[in-house]
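Student: Sending over a structure as structure tokens; questions will come in a sec.
The values are calculated or read from the model by the stated rules, or taken from the named source; none is laboratory data. Keep in mind that what you see is a predicted model, and the values were worked out from it rather than measured. Counting neighbours? That spans all protein chains shown, and the Cβs are built from the backbone with ideal geometry, glycine included.
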Amino acid sequence: MSQQTVLYDVPGPRQRRITLVSSVVATALLLVGAYFLVYRPLDEKGQFSMELWGPLVDPGNENFPLVWERIGLGFKNTLIAAALAIVSSLIVGTLLAMLRIQLKSLARRRFTGLATPVSYLLRGLSMLLSGVTRVCVEVFRGLPVVITIFFVARGFPEFGVTFDTLWYLVIGLTIYNSVVIAEILRSGMEGLPGGQAEAAAAIGLAPWQTTRMILLPQAFRIMLPALISQLVVVLKDTSLGFIISYEEALNIGKQIIGSLGNPIQVYIVIGVIFIVVNYSLSKLAQYVQHRLARGRKSAGGTRTGAAGTELETEAVAGTTT
């Protein structure tokens, strides 16, 4: 009996008919509700008129080129900020995750072979640094992103450090998302079987080598869906740049609305573009994940085949002798 049969009973003809009818009725009710609750109220207020949609969908409209030039600039700035924040968040988050793993490992060590005061000092310092990093993670992960961006943009100039508006947004996004990514990777590494770290120690690898060469690559593969979800969040959070007057897509959309007075139409178009970009990023992540999984299977098959060939060779040699 297969596992699928045990866990899931295949529906019979009657159940399939009930499911089909229920789906059709639910779809019909949704369409009727959308017509009466969404389409008709918008139509009565003239929200489908070309006067409002023309600047966005009619190339013959005099405002069409300028509107799409501004939207293109907004999404260009959005993608630049998102790309910089994603790269920096991944780098900082990975380093922070490795640091937390190493500090936890050092806090558990006894430092045998050293003088007692020195061993106590090292253990105390490790525990202190571990506590500091944990507090920083909890603080920055608990703060809303918009507050982090605001304090970065207002705090750095107070110390005489001034950047372009883009970098304030990137730094604010990096502070928040790097700690989230660090926690994702740390939980992934700590969730791996303990025998892997023990085996690495048995062959003489140092703790940082074990983390870098064995634990971290596996954590990246295992936690890839969660990492991609967080990277999509980074892309969406660039819209918070409006609080520091960064000209990203949503901020430019507000400028267009102020000139043309068509908020529903502009936000629909910008929302659709965001959905397409985020969906493309998710599909790219799925493709990378499948390639990684296929690569592991291929490598495993190659090792198995090589081992089988060696066994066959030894068997033939034994028979010959």
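Student: Between a residue in the range 23-35 that is among the aliphatic types (A, V, I, L, M) and any residue that is exposed (fewer than 10 other Cβ atoms within 10 Å of the Cβ) and part of a helix (DSSP H, G or I), which pairs come within a Cβ distance under 9 Å, given they are 6 or more apart or on different chains?
Tutor: From the range 23-35, no pairs qualify.
Student: I'd like the full set of residues that are within 30 Å of His290 (Cβ to Cβ) and free of Cβ contacts under 8 Å to residues at least 12 places away in the same chain, limited to the range 228-275.
Tutor: Those that are within 30 Å of His290 (Cβ to Cβ) and free of Cβ contacts under 8 Å to residues at least 12 places away in the same chain: Ser229, Gly271, Val272, Ile275.
Student: Output the number of the condition that Gly204 fails; it satisfies all remaining conditions of (1) touching a helix residue (DSSP H, G or I) at 6+ places or on another chain (Cβ under 8 Å); (2) at positive phi.
Tutor: (1)
Student: If you don't mind, another one. Quick check: is even one residue across the range 2-17 at pLDDT 90 or above, among the small types (Gly, Ala, Ser) and within 36 Å of the chain's Cα centre (by Cα)?
Tutor: No.
Student: Hey, another quick one. Inside the range 49-74, can you point out the residues that are closer than 22 Å to Ser239 by Cβ and in contact with a Phe, Trp or Tyr (Cβ under 9 Å, 6 or more places away or on another chain)?
Tutor: Narrowing the range 49-74 to residues closer than 22 Å to Ser239 by Cβ: 55-56, 66-74.
Pro55, Leu56, listed by residue number.
Student: Hey, does the range 213-225 have a residue that's surrounded by fewer than 18 Cβ atoms within 10 Å (Cβ to Cβ), more than 17 Å from the chain's Cα centre (by Cα) and not in a helix (DSSP H, G or I)?
Tutor: No, because not a single residue in the range 213-225 is surrounded by fewer than 18 Cβ atoms within 10 Å (Cβ to Cβ), more than 17 Å from the chain's Cα centre (by Cα) and not in a helix (DSSP H, G or I).
Student: Separate question: Which pairs turn up if I take residues in the range 140-155 that are over 9 Å from Gly172 (Cβ atoms) and look for partners that are surrounded by fewer than 17 Cβ atoms within 10 Å (Cβ to Cβ) and aromatic (Phe, Trp, Tyr) with beta carbon separation below 9 Å, at least 6 apart in sequence or on another chain?
Tutor: Between residues of the range 140-155 that are over 9 Å from Gly172 (Cβ atoms) and residues that are surrounded by fewer than 17 Cβ atoms within 10 Å (Cβ to Cβ) and aromatic (Phe, Trp, Tyr), the close pairs are Leu143/Phe151.
Student: Output the residues belonging to the range 28-68 that are within 23 Å of Leu250 (Cα to Cα), part of a helix (DSSP H, G or I) and among the hydrophobic types (A, V, I, L, M, F, W, C).
Tutor: Result: Leu42, Met50, Leu52, Trp53, Leu56, Val57, Phe64, Leu66, Val67, Trp68.
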